[in-house]
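Colleague: Encoded as structure tokens, here's the structure I'll be asking about.
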Amino acid sequence: MAQTKPSGKVVDKLPVSGDLDLTGGPLLTGKRIDHAYTDLPKEGWTAELTHGPSGLGVRMISDTPWAQVYTGDRIGRAGVAVEPMSCPPNAFNSGEDLAFLSPGEWSRTGCSIEAIRT
């Protein structure tokens, strides 16, 4: 996981632990998360969000090396956003994980989103 300053500058990379460890499907109710995650599996990763009472949810599968996770309670909303990213926040300034392409070159990442019922 990467910790960032309000300016978006990555200030430290730390192992994920405690409330920020999202493996195993913890409840997000009451958690405040606004962090970038990295060191994700190169073959791809999956994020599933489920509305407990209804059993309805969404599954995202991506192969990006970074993901930003943000819970909406800081802005008075119930919800969570998971954003696949090819580089960390502020990468245009830091240069970290940026893909530099010459004319005619290309880069591709994959992401799929599907509705699920648990």
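The values are calculated or read from the model by the stated rules, or taken from the named source; none is laboratory data. As the structure is a computational prediction, the values presented were derived from the model and not from experiment. No Cβ is skipped: glycine too gets one built from the backbone with ideal geometry, and neighbour counts run over all protein chains shown.
Colleague: Count, please, the residues in the stretch 43-54 that happen to be part of a loop (DSSP other than H, G, I, E, B), modelled with pLDDT of 90 or more and either closer than 24 Å to Thr118 by Cα or among the hydroxyl-bearing types (Ser, Thr, Tyr) (or both). Please lay out each step first, then the result.
Modeller: Start the filter on the stretch 43-54 by keeping residues that are part of a loop (DSSP other than H, G, I, E, B), which leaves 43-44, 52-54.
This time we only want the ones that are modelled with pLDDT of 90 or more, so: 43-44, 54.
From what is left, the residues that are either closer than 24 Å to Thr118 by Cα or among the hydroxyl-bearing types (Ser, Thr, Tyr) (or both) are 44, 54.
Result for the stretch 43-54: 2.
Colleague: Which residue is surrounded by the fewest Cβ atoms within 10 Å (Cβ to Cβ), if the candidates are limited to the stretch 44-78 and must be closer than 24 Å to Ser107 by Cα and without any contact (Cβ under 8 Å) to a residue 24 or more places away in the chain?
Modeller: Residue satisfying both the conditions and the ranking: Thr46.
Every residue, every condition in (1) at pLDDT 95 or above; (2) in a loop (DSSP other than H, G, I, E, B), yes or no:
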| site | (1), (2) |
| --- | --- |
| Gly30 | no, yes |
| Pro41 | no, yes |
| Met60 | yes, no |
| Arg74 | no, no |
| Ala78 | no, yes |
| Glu105 | yes, yes |
| Arg108 | no, yes |
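Colleague: Are any residues in the stretch 79-88 within 26 Å of Leu27 (Cβ to Cβ) and either touching a Ser or Thr at 6+ places or on another chain (Cβ under 7 Å) or surrounded by fewer than 16 Cβ atoms within 10 Å (Cβ to Cβ) (or both), and if so, which ones?
Modeller: In the first step, residues of the stretch 79-88 are kept if they are within 26 Å of Leu27 (Cβ to Cβ); the result is 79-85.
Of everything in the stretch 79-88, those that are within 26 Å of Leu27 (Cβ to Cβ) and either touching a Ser or Thr at 6+ places or on another chain (Cβ under 7 Å) or surrounded by fewer than 16 Cβ atoms within 10 Å (Cβ to Cβ) (or both) turn out to be Gly79, Val80, Ala81, Glu83, Pro84, Met85.
Colleague: Could you list, in sequence order, all residues of the stretch 82-103 that are in a loop (DSSP other than H, G, I, E, B), in contact with a Pro (Cβ under 8 Å, 6 or more places away or on another chain) and polar (S, T, N, Q)?
Modeller: Ser86
Colleague: Out of the stretch 79-109, which residues are under 14 Å from the mean Cα position of the chain (by Cα) and touching a residue at least 60 places away in the same chain (Cβ under 8 Å)?
Modeller: Pro88, Pro89
Colleague: Then there is this: So, Trp66, is that one in contact with a strand residue (DSSP E or B) (Cβ under 8 Å, 6 or more places away or on another chain), modelled with pLDDT of 90 or more and among the aromatic types (Phe, Trp, Tyr) or not? Steps first, please.
Modeller: Working: in contact with a strand residue (DSSP E or B) (Cβ under 8 Å, 6 or more places away or on another chain): yes; modelled with pLDDT of 90 or more: yes; among the aromatic types (Phe, Trp, Tyr): yes.
So Trp66 fits the description; yes.
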